Amino acid sequence: MAIVRKSSIKNYDILSGFSWHVPGVSGMFGLFLWLLAGGLLGNVLSLLLMFTVPGFSTSSLMAIAYVLLFIPAMLASRYISNQNLMSGKAGYALDNNNFSPYSGGLIALLCMIATIACQMVADPVTTLLPPMPEQLKKILESAVSGDSKIISFITTCIFAPFFEEWLCRGMVLRGLLHYRRRPGSEPMRPIWAIVISAAFFALIHLNPWQAIPAFLLGMLFGYVYYRTGSLKLTMLMHFTNNAFATLLSSIDSTKEVESILDLLPAWAVCCCVVVAIPIIVCFVKLLSKTEMSAPEGNFEELKIDDSI
């Protein structure tokens with residue numbers, strides 16, 4: 001447990017400012033409502049810019065709307081965190097580096113490999129769904145390969161990993177892992193916290209074609225966060241997944257591909273899945289050997305003491 005002064009809190013450190021907001025189940029629903037408010041705000045502002053300011057690209061409008069989606073939730077969380085900080089409540093750091101007995105570099109590399117393996121497993125599952133509506137397909141395609149590839153890359157591969165991991169792992173999962181139905185009761189079991197946060201991650205994508213892979217990836221991201229406490233790792237994994245999709249969409253021969261089944265014959269896809277599943281299992285077993293500081297996960301507890 002770290003003992004810190006109020007005066008030593010770094011206001012410019014984005015992540016540390018949320019350490020004292022540890023939302024439970026009700027807090028998770030509160031964050032979702034703030035997310036809806038942000039979505040409304042982003043859409044309204046995008047429409048205003050579209051009709052009043054000539055020259056705005058579609059990619060720019062989508063980037064603005066995406067960032068505004070998270071702003072109300074972040075402001076509300078920061079306010080609650082500051083209130084809890086002033087009242088002397090304990091907090092839990094959003095980002096930690098509990099990789100022992102492994103090195104951070106090794107864990108990062110294995111996380112990237114496991115992410116690609118998980119995507120290989122999730123992708124064929126989405127082919128069981130009905131065809132994606134054309135309007136939705138166009139929206140998703142513009143998100144990764146819009147009229148400005150640089151802005152699309154920033155939105156998909158920088159903004160999305162940062163904001164979504166802050167919300168789904170840093171706030172929701174961290175809060176659920178420390179959630180108690182009443183003072184003194186046992187915390188929520190980690191498996192349920194990971195499942196619920198993965199379901200939340202799937203829900204915010206608002207369509208089943210993204211929600212199914214998001215849920216499977218969210219389970220993997222959640223386990224990594226539980227075992228290491230590192231938000232940097234889950235952001236890296238999220239970046240790896242999104243960058244892989246962006247890369248495929250930027251290549252002429254693969255930009256129209258909707259599934260790995262459009263690239264490879266069924267037998268080759270089956271081989272990929274057969275190889276990917278043991279990779280994920282081995283990764284999970286390897287990560288299970290990391291040293292745990294508490295049953296609730298590897299999160300540094302923060303206590304305020306102005307006397308030091």
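No value in this document is a laboratory result; all are computed from the given coordinates. From a predicted model like this one, the values you see are computed outputs, not experimental measurements.
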Checklist entry - How long is the gain from Val53 to Leu129 if the chain were fully straight, where each residue apart is worth 0.36 nm and the alpha carbon distance is subtracted? => result 23.4 nm
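Starting from 0.36 nm per residue, how many nanometres of slack lie between Trp192 and Phe244 once their C-alpha separation is accounted for?
This chain segment gains 15.8 nm when fully extended.
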Checklist entry - So what does the Cα-only Debye profile of the chain read at q = 0.08, 0.11, 0.13 Å⁻¹, as log10 I(q)/I(0), no solvent term? => result -0.38, -0.72, -0.99
Checklist outcome for this item: Helix 208-228: inclination vs the chain longest Cα principal axis, degrees, rounded to 10, gives 40
Checklist entry - So what's the angle, to the nearest 10 degrees on a 0 to 90 scale, between helix 231-250 and the longest Cα principal axis of the chain? => result 10
Checklist entry - In whole Å, what is the distance between the alpha-carbon centres of region 48-117 and region 221-237? => result 13
